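Only one structure is covered here, and it is reproduced in the block below.
Rule-based calculations on the coordinates, nothing more; no lab input. Given the structure is predicted, the values throughout are model-derived calculations rather than measurements. Counting neighbours? That spans all protein chains shown, and the Cβs are built from the backbone with ideal geometry, glycine included.
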C-alpha cells in the first residue's frame, strides 16, 4: 500500500482533497478579503502559461487586445433589461471617491465625495465595450470588430471556493461586432472551437462542446455555447462559454452601421470568455493523491533539477554538474517551445524538496546525488507515473549526457490527456427513461458522471418544470453536444418526440 | 516647407499635439467613464510589448509574479498612518454588494446589502501584500520574498490626462521583504537600475536615476528613488519609482521573522512600480509632427507591408508578392527577436493607409505597387527619417529579394535613443544662483529643460520653504542624481555649504 503525499485522498473526501491540493501545491490561499484569494507564484505561473497559449490562439484568429474601464456607470447596465436583471444581485458598487476622518481615529467614506451616479465594478464588459463599438462602427467597412481583453472582474458571491467561484477573478473576455447574424454565429462557434482545442491540446482536459439550454443562457444572449469538462468526482465544470448576442446589445447601445445599400442596421455581436476557473478544472481533472499533476504545456517549470546538497565542499561540483544539465535541457525543445528547466538550490532538505515538487506537479523531477554524479547519472522521476508496481517511488538512474526530455514531456502531456479522455468517455451514458436517471444518481456512486438523454427542448414554463425535476436530484442540464447524431427517441421528460440529445449531471 | 500629418505641431501647442497623437495614432480614447480611458489595440499592443520586456527583466532578477485582491479592507490602510494620509483623498470606495429596484424603473445600491466594512479599490498594494508577507515569513530562511504583480489600480484624480494621470491605470508593482536594511536598500537600487536600463535600452528613453527629496517620498517610505525622463517641451516625467520602506510597513503589518540567533525581528521591505504612464513618456519623447514614432523594440508591428490594391484582378499577384516578403521578414531576427511584420490588406485607400501607419509610428513602412513588383522592388519608408532634404517623403525603391530589416530596425532604435539622449544632455544646465533659476524659467522658453543646483538638503519646515519658492515658479524638485560628483558649492536656497546636487524643472 502506497503512502501518499497528501493527508486526504480523493476517495475519502473530494472537496477536502481539492482544498489540500491548492494549499500543498502552493497555488493560492485565502487573502483575508472576503471572497478574494491570493494567487501564489506556482498558481499564477500556470495562469501565465494559460494566458500565453490562449492569447496566441485568440490573436491567430484575428483578434486584437484592448483595455476597457474597470468601472461601469449604472445607467449603462439599465439599458439591457435581461443583462442587468442577471447581474444586479452580485455587483460591487462604488459610491464614494474619498475617505475622511470619522473623528474617532478611523476613516469613513466622505459624504461630500458621494458619486452622483454609482459605478459598478465590472462583472463583465458587454455594456461598456458596446458603448465603444457604437463610437467605432459607422459603416459596413468598419466591421467586423474583433477584440479581446484580459482583465479582473467582480461578481459578489455568497459562497466562494478557490478558483471555481471567487468574488474577484481573472479572465479574458472577447467581444465582436459583425454585419450579419450568420457571421456572428460563425464567430461564436469559431471561438467555442478555439476553447475546445485549447482545453484539449494545451490543458489536456477533454471537453464536450455544445449549446446550453435556454435557462442557462448568459443574461441578454440569444444562444450560449459552452465547453464542459468532467472532474474526477463525476461532476461537470463549465470551463468556457461563447455567446451569440444577436442584436440585443446593439439595440440597447445603439451599435449601428450603414450597410452596402446605404441603410442603417444594428450590428450583431458576440462575447466569449474563460477564467482562472480553468485552473480548478486542471486540478480536478489531473490531480492525484500526491497533489497536482501539471500538463507540461502549462507547467511554469517542466523539469526541476535538484542537487542533493549536504553543506559540504563537494556541493560545489554537484551544483556545477546540475547546472550543465540545466543548460543542456534549456537548449532543447519540447511541445514546440524551449524546455523550461529550473535548477532548485533552495536550502531545503532533499526529501522535503522532492515532495514539494511532486505536490506542485512539476512534470519531471531530476534528483542528483554524489553517487549519481560519480556514475555520470541523474535520477529521473516522472510525475505522471510516480510509483513502480511494488509501490516504491519510480526514480530511474539515467546517464546525464545526452538526456533528452522533449519526447518525455510530450509523453507526459499525452498520458494525462488520454487518462482524462478515457474517464470522460467511460462516464457518459445514454439513458432513455427518467426512472433510470433517478436510480443512477440515487445510488450514491462516488463519480456518477453524466447521462445523455433525448428531449423535446421545451421552453418557458415547460422548461422550468424540467429544471425543477432535475434540481430535486441535484442535477442540471449541461449542454446539447455539438455535432450529435439526430434524435431518434422520445423526450424523457414529456414523452413527446425528442429533437436533440442533452447532457445532465451534477456540476460545480 | 513640409506639410505634416497632424493638424497641430509640437511647437504651436504641445498639449494639443499630445492629445492629437493619442487620437490619430489610435492609442486611446475617452471611455465615457469619468477619468478612465479605453486603450485601443495599437496603444495596448505597445503596453503588451512593455509588459513582455520588463517582465523578462523582473524575472531575470529573481522575482516571481503573483496576484492579490483588487479590494482592500479599510482597516488595512489605517495601520500605516502616513500611507493612509497620502491616499485617503483619492480612493474609490465600495460600500454595497447588490443593486435593487428603486421603484421608478431604475436601480440603486441595496441598503440591505451595505458592507459592514467598506472596501477600497487598491491604489497600491503594500497593505494587502504586507498581510500576506506576515503569513509567509516566519524565519530568516523564508527571506527574501521577491514578488511582483501586473494589475490595475485606482486613484481618483480630479484632473486627468490620458496615460499620464487617469483614475484607473495599469502597472506592475514589485514588493519584497528582506532580513536586513542593507539588503532591502540594495534591492531598491537594483530595481531602479532595472527601470533605468529598461527605459533606455527598450523604450529608447534616456532618464536620470536618483533619489527624490523628502517632500516627494511615497507615503510611508524611508527613501524614494525615481527615473526622470525629459519630454520635448522640457518638462520632467517621473517614469518609475523604487521605494525603500524600512520597517514601516513591517511594523504596521507585523511582518516578523526569527533571525539566525533565534530573536524576532521586523523585516525590511521595498516596493517599486511603473505604469501605462510610460506610454505617455514614449509619445512625448519620440513623437513628431507626423505622429508617434515607436521604438522598434516595443512596436507591436515593426514592419508594415501594404500592397497598393486597385480592386483589379492583378491585385492577387501583388498580394502574393507581398506575402512572400512578409514571410521572409518574419523569418528574420531584429533586436534579439523574430521580426514582427504585418501584411495590411484592409480595404482602405493607399495614401490613407500609409499616413495612418506613419501617424501610428510603425518603424518601417513598405509600400508595393505594380511598378515596384514589375521591377522586383518594394518602396521602403523609415519612420525615423521620413523626409528627404527637399521635403519630399523619403520612400526608397529597394530590391525585394534579400531585403534584410534587422540592421535597419536596430538603426531606428539607436537613432531614436541618440536623439533623445542628446536632447536630455543639452537641456540640463548647472546654475549656482537662485536668481539664475528665476531668470531661466521666466524667459518663457518653449523647452526650458532642467537646472542642476547644489543644496544643503533641508528637511521639515526648511524644505517646505524651498518647495514654496520653487512652486511660485511652477518648479519642482525632481531628484538628486545617483552617482553624482561631490557637492563643492553653496546651497542656492540658503547659502549654507551644499551637500548634493538636485534637479529642478517643470513636470507632469
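With label points set 7 Å from Cα along Cα→Cβ, the inter-copy distances at residue B:254 are 5.5 nm, sorted shortest first. Over region B:258-390, all Cα pairs binned in 5 Å intervals from 0 give whole-percent P(r) values of 2, 9, 16, 17, 15, 12, 7, 4, 3, 3, 3, 3, 2, 2, 2, 1, 0, listed from short to long. Shape index of region A:248-294: Rg/Rh, with Rg the Cα radius of gyration and Rh the Kirkwood radius from the inverse mean 1/r over Cα pairs, equals 1.50. Between copies, the label points of residue A:48, set 7 Å from Cα on the Cα→Cβ line, lie 1.8 nm apart, reported in increasing order to one decimal in nanometres.
Ranked highest first by the average count of other Cβ atoms within 10 Å around their residues, in what order do B:226-238, A:471-483 fall?
Details: B:226-238: 23.1, A:471-483: 16.6.
The packing order, highest mean first, is B:226-238, A:471-483.
Starting from the label point of residue A:399 at 7 Å along Cα→Cβ, the same points in the other copies fall at 4.8 nm, in ascending order.
Spacing of the modelled spin labels on residue A:389 and residue B:55, each 7 Å from Cα toward Cβ, amounts to 4.6 nm. When the label point is put 7 Å from the Cα of residue A:251 along its Cα-to-beta-carbon vector, which residues of region A:59-98 have a backbone N closer than 16 Å? Flagged as within label range: A:78-85.
Taking all Cα pairs closer than 8 Å and separated by 6 or more residues, the relative contact order of region A:296-420 comes to 30 percent. Compared with the rule-of-thumb size 2.2 N^0.38 Å for a compact globular protein, region B:140-196 has a Cα radius of gyration ratio of 1.49.
Give me the compactness ratio for region A:1-52, meaning the Cα radius of gyration over 2.2 N^0.38 Å. Please list the in-between numbers first.
Numbers: Rg = 13.3 Å, N = 52, 2.2 N^0.38 = 9.9 Å.
For region A:1-52, the normalised Cα radius of gyration is 1.34.
Put simply, the Cα atoms of the protein assembly as shown extend 95, 82, 69 Å along their principal axes, the longest span coming first. May I ask for log10 I(q)/I(0) of region A:58-201 at q = 0.10, 0.11, 0.14, 0.20 Å⁻¹, from a Debye sum over the Cα atoms as equal point scatterers with solvent left out? For region A:58-201 at q = 0.10, 0.11, 0.14, 0.20 Å⁻¹, log10 I(q)/I(0) is -0.47, -0.56, -0.84, -1.36.
Tell me, what is a quarter of the convex hull surface for the C-alpha atoms of region B:428-505, in nm² with one decimal? Working shown, then result.
On the way: hull surface 19.3 nm².
Averaging across all directions leaves 4.8 nm² for the Cα convex hull.
To the nearest µm²/s, what D does Stokes-Einstein give for chain A at 4 °C and 1.567 mPa s, using the Kirkwood radius over alpha carbon pairs as Rh? For these conditions, the coefficient is 51 µm²/s. Within 10 Å of the Cβ of each residue in B:69-82, the mean number of Cβ atoms contributed by other protein chains is 4. Rg and Dmax of region A:164-224, both derived from C-alpha coordinates alone, stand at 13.5, 36 Å.
Mean 1/r over all different Cα pairs, inverted: what Kirkwood radius does region B:67-150 give, in Å? Numbers along the way, then the final one.
Numbers: mean 1/r = 0.0659 Å⁻¹.
This gives a value of 15.2 Å.
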